[in-house]
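Since the structure comes first, as C-alpha cells, the remarks are kept for the end.
The values are calculated or read from the model by the stated rules, or taken from the named source; none is laboratory data. In this text the structure is predicted, and so the values were computed from the model without any measurement. FYI the Cβ positions are ideal-geometry reconstructions off the backbone, even for glycines, and counts take in every protein chain you see.
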Amino acid sequence: MTTFSHPDFAAPRFAGAPDARFVPAPADGVLPEGFFSTTNLPTYVRVGGRWRMPRAPRMDSALVLDADGELWIREGRRVRVGDLVAVGQAEDGREGIYVHAAAFAGEPGAEGE
C-alpha cells in the first residue's frame, strides 16, 4: 500500500537550511536566469524559516511567491513582470528547495528501495 509521508524538517539538514531565494521576473512570460524548474514530485520551499508546499503543483513550471506570501507553481507564460520567482538548482534543501523523492513509501523506485 502506498502512503504519503512528509520529511522530518526538524532534522539538522533541514533545520539549518536557508530560505529559498526569489528574484523578480524581468518581463511578462519571462523567467529569471537560474529559475527552479518544478518536478512532478512533492516539493517544499523554505520561506520565513518554515518549509511549505506550494499551491497548484505541476511539473516544468516555476515557484512564485505572491504579495500575500502564498507559494504557487505557475507556468512560465503565466508569470508577470515583478513576480517573485524561486531560483536555484539543488533539490536537496541546501538552497531552500526540497524535492521529496521518497514521499510515497512502498512505490517502486522510492528512495532506499
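Say we look at the range 1-25 and pick out the residues that are assigned to a helix (DSSP H, G or I) and of a type outside the set (A, V, I, L, M, F, W, C); which of these is farthest from I73 (Cα to Cα)?
Per the criteria, the residue is P12.
Based on what the data block shows, is P18 closer than 15 Å to I97 by Cβ and either out of contact with any Leu (no Cβ under 8 Å at 6 or more places or on another chain) or surrounded by fewer than 18 Cβ atoms within 10 Å (Cβ to Cβ) (or both)?
Yes.
Exactly one condition in (1) of a type outside the set (S, T, Y); (2) within 17 Å of G88 (Cα to Cα); (3) surrounded by fewer than 17 Cβ atoms within 10 Å (Cβ to Cβ) is not met by P57; state its number.
(2)
Find all pairs meeting these conditions: Cβ atoms under 8 angstrom apart; at least six residues apart or on different chains; first residue within the range 77-93 and over 24 Å from A11 (Cα atoms); second residue charged (D, E, K, R) and at pLDDT 95 or above.
Within 8 Å, the pairs are V79/D28; R80/D28; V81/D28; D83/D66; D83/R74; L84/D66.
If you scan the range 21-40, which residues turn out to be exposed (fewer than 12 other Cβ atoms within 10 Å of the Cβ) and polar (S, T, N, Q)?
N40
Only one of G48, G93, G82 is surrounded by 13 or more Cβ atoms within 10 Å (Cβ to Cβ) and at positive phi; which?
G93
Would you confirm, using the coordinates I've provided, whether T43 is surrounded by 13 or more Cβ atoms within 10 Å (Cβ to Cβ) and among the polar types (S, T, N, Q)?
Yes.
Out of curiosity, is R77 out of contact with any strand residue (DSSP E or B) (no Cβ under 9 Å at 6 or more places or on another chain) and not in a loop (DSSP other than H, G, I, E, B)?
yes
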